[in-house]
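Only one structure is covered here, and it is reproduced in the block below.
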Amino acid sequence: MNKTAEYLERFLNGVKKRNPGETEFQQAVSEVASTIFPYIADKPIYHKMQIMERMAEPDRVIMFRVPWTDDKGNIRNQRGYRVQFNNSIGPYKGGLRFHPSVNLSVLKFLGYEQTFKNSLTGLPMGGAKGGSDFNPKGKTDNEVMRFCQSFMVELHRHIGEDTDVPAGDIGVGAREIGYLFGMYKRIENRFVGVLTGKGIEFGGSKIRTEATGYGAVYFMENMLQRVGDSIDGKTVAISGSGNVATYAVEKVNHLGGKVVTLSDSSGFVHDPEGIDANKLEYVLDLKNVRRGRIKEYADEFNSATFHEGRPWIVPCALALPCATQNEINEEEAKTLLKNGCIGVSEGANMPTELAGIDAFQQAKILYAPSKAANAGGVAVSGLEMSQNSSRVSWKEDDLDNLLKETMLNIHDSCVEYGNEAGHINYLAGANIAGFVKVAEAMLSFGHT
Ligand code: NDP
């Protein structure tokens, strides 16, 4: 075993020992470390200063009780979290997730990834993530409101416009951000940009809702253009039917592609005729207003069929996983390749298992890891923070242009750091480009 492999193994064993049972967190660290250790092999300062070891330890983890009362008067009890991972290059920034699967391992993986992603955007933002095991599905608006208010009763003392600025994620959309911001404002008696993803009427930014989905598609278009190709005319499989997925559909349609799948946790719909603007309107209403299941799409449109499982068995040229972590396993990755998939842009965080990533990398397809491909959301959140600080509101076109420019810059950073004799290893490129800035800042701070 060479020295780099030996250091990597020792490091990963240490991470496993310090974070027992936290499989998602171990997976995220392992994916990053496998590309960073070769990069720092000839840079002893990073080893001496224990940069990778320190980056794998959150600055702090806050865990708290969130009691709330349901509509029947029962007292319910949830667990709330905020993982403030790394603030070397700016205030902590990262979403809140409300989903029954939320635990410390999931939030630590998301906070770790967020640190690299935020660095890639070029904006001054550190990494964090938070949330709760609360399940908004099937709850009334009043129940969701009471939960959000109770959550903020504790969270408010740990966040601030220059300290930590949360946003949405799975299960936290415009409704939840409104309830959370309303309570923050009431407790603190201050109107500041302490959350992003706010409504336009109270300090939100145009394009923020669309930014993650649009950004993942822009990134795909950037990768294709580099090799003289484009989305135009291509068949695209998308998973999820939430915020990221739906705006990815809209942008693929703008660019001339045809989206043939969407999904939720019960299964997926396959529509060979494509999910056009009218059908997308239906999905937005189904998911955001009626809060129904994707299966209903197949009842509404004769061209579509509903299936259990995940959409990766449907032949496509491009795949955009936009639901959740570990939703493409090795077998599914190989099926996508066998069916002619030439590009994957990850709208969701860590949607591909490590063995699936290996399959994509070995096939040398255009594979954009989530920390690069879905950074558009947090980038526009960063712009929302700037607008709030200076009490202004920028125009939609200007913001969309800034989003496009940011995605292209991230793409070009990946090309700069991930060029392997002409083939672009976007995974290595994104990890190294994100790492360098945070690591340099940490070196400047000495032993802190
Ligand atoms: P939403 O809550 O709006 O939508 C999530 C979608 O994914 C729903 O269709 C949901 O289906 C599905 N889903 C969630 N969990 C599972 C599961 N375990 N199995 C199958 N399907 C599942 O979330 P977002 O669109 O905001 O987030 C999607 C992904 O994008 C996440 O990985 C998130 O971290 C990432 N992301 C989001 C950003 C944003 O700006 N919102 C920014 C960057 C990344 P169901 O309704 O059945 O649960």
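Every number in this text was worked out from the coordinates using simple rules, so none of it is lab data. Everything numeric here is computed off the predicted structure, so don't read it as measured data. Cβ atoms come from the backbone with ideal geometry, glycine included; neighbour counts cover every protein chain shown.
Kindly write out, for segment 135-143 in residue order, the coupling ³J(HN,Hα) from the Karplus curve 6.51 cos²θ - 1.76 cosθ + 1.60 (θ = phi - 60°), rounded to whole Hz, with x marking Gly and Pro.
Each residue of segment 135-143 in turn: 10, x, 5, x, 8, 7, 4, 5, 5 Hz.
Tally the DSSP beta bridges in the chain and give the antiparallel ones as a percent, rounded to 5. Can you show the working numbers first?
Numbers: 27 of 48 bridges.
Around 55 percent antiparallel, to the nearest 5.
Take the Cα atoms of segment 77-116, find their three principal axes, and give me the spread along each one in whole Å, biggest first.
Largest to smallest, the principal-axis extents are 35, 16, 12 Å.
Can you pull a Stokes-Einstein diffusion coefficient for segment 113-191 at 10 °C (1.306 mPa s), Rh from Kirkwood over Cα pairs, as a whole number of µm²/s? Write down the numbers at each step before the final one.
Values: Rh = 13.7 Å.
Taking Rh from Cα pairs, D becomes 116 µm²/s.
Can you put 200, 170 in order, fewest other beta carbons within 10 Å first?
200, 170
Can you pull the Rg over Rh of segment 1-157, Cα-only, Kirkwood?
When Rh is taken as the Kirkwood radius, the ratio is 1.07.
Go ahead and estimate [θ] at 222 nm for the chain from helices alone: -39,500 (n - 2.57) per DSSP H run with n ≥ 4, summed, over the residue count, rounded to 500.
Values: 17 runs with 215 residues, N = 448.
Value at 222 nm, helices only, nearest 500: -15000 deg cm²/dmol.
Can you compute 3J(HN,Hα) from phi for each residue in segment 428-441, using the Karplus curve 6.51 cos²θ - 1.76 cosθ + 1.60 with θ = phi - 60°, rounded to whole Hz and x for Gly and Pro?
4, x, 5, 4, 5, 4, x, 5, 3, 5, 5, 5, 4, 4
Over the alpha carbons of segment 3-55, what is the largest minus smallest coordinate on each principal axis, giving the biggest first in Å?
Extents along the principal axes: 32, 18, 16 Å.
With N denoting the number of residues in segment 240-394, provide Rg(C-alpha) divided by 2.2 N^0.38 Å, to two decimal places.
Values: Rg = 16.4 Å, N = 155, 2.2 N^0.38 = 15.0 Å.
The value comes to 1.10.
What is the chain's relative contact order, in percent, from Cα pairs under 8 angstrom and six or more apart in sequence? Provide the component values of the computation, followed by the final result.
Working: 916 pairs, mean separation 67.3, N = 448.
Once normalised by length, the contact order is 15 percent.
Treat the count of other C-beta atoms within 10 Å as a stand-in for reagent exposure and order 397, 169, 42, 276 from fewest to most. If you can, show how the numbers build up before the last one.
Details: 397 10, 169 27, 42 7, 276 13.
Final ranking by Cβ density, sparse to dense: 42, 397, 276, 169.
Mind jotting down the three principal axis lengths of segment 309-444 based on Cα atoms? Whole angstrom, largest first.
Dimensions of segment 309-444 along the principal axes of its Cα atoms: 51, 35, 24 Å.
Output the antiparallel fraction of DSSP beta bridges having both residues in segment 235-307, as a percent to the nearest 5. The partial results should precede the final answer.
Values: 7 of 10 bridges.
The antiparallel fraction comes to roughly 70 percent.
Just add up the charged neighbours of residue 447: K/R +1, D/E -1, any other residue whose Cβ is under 13 Å from the Cβ of residue 447.
Numbers: positive: 48, 54; negative: 53.
Local net charge: +1.
Label-point separation (nm) for residue 63 and residue 3, each offset 7 Å from Cα along Cα-to-Cβ?
4.0
Round to the nearest 0.05 the FRET efficiency obtained for residue 230 and residue 186 when R0 = 56 Å and r is the Cβ-Cβ distance. Provide the component values of the computation, followed by the final result.
On the way: r = 49 Å, r/R0 = 0.88.
Result of the calculation: an efficiency of 0.70.
Expressed as a whole number of Å, what is the distance separating the alpha-carbon centroids of segment 274-294 and segment 75-134?
Cα centres, segment 75-134 to segment 274-294: 28 Å.
Quick check for me: using +1 on Lys/Arg Cβ and -1 on Asp/Glu Cβ, what's the dipole size of segment 287-380 about its Cα centre, in debye to the nearest 20? Intermediate results must be reported in sequence, preceding the final value.
Numbers: 10 positive and 11 negative charges, 54 e Å.
For segment 287-380, the charge dipole is close to 260 debye.
Tell me, what does the Kirkwood hydrodynamic radius of the chain come to in angstroms if you use every pair of distinct C-alpha atoms?
Numbers: mean 1/r = 0.0453 Å⁻¹.
With all distinct Cα pairs of the chain included, I get 22.1 Å.
Suppose every Lys and Arg Cβ carries +1 and every Asp and Glu Cβ carries -1, with no other charges. What dipole size does the chain come out with about its Cα centre, to the nearest 20 debye?
The dipole of the chain has a size of about 1300 debye.
Which whole-angstrom value gives the distance between the alpha carbon centres of segment 155-221 and segment 425-447?
Rounded to whole Å, the Cα centres lie 26 Å apart.
Residue 97's amide H: which non-local residues (gap 5+, or another chain) put their own amide H closer than 5 Å, with H modeled 1.01 Å from N in plane and none for Pro or chain starts?
Correct list: 130, 131, 132.
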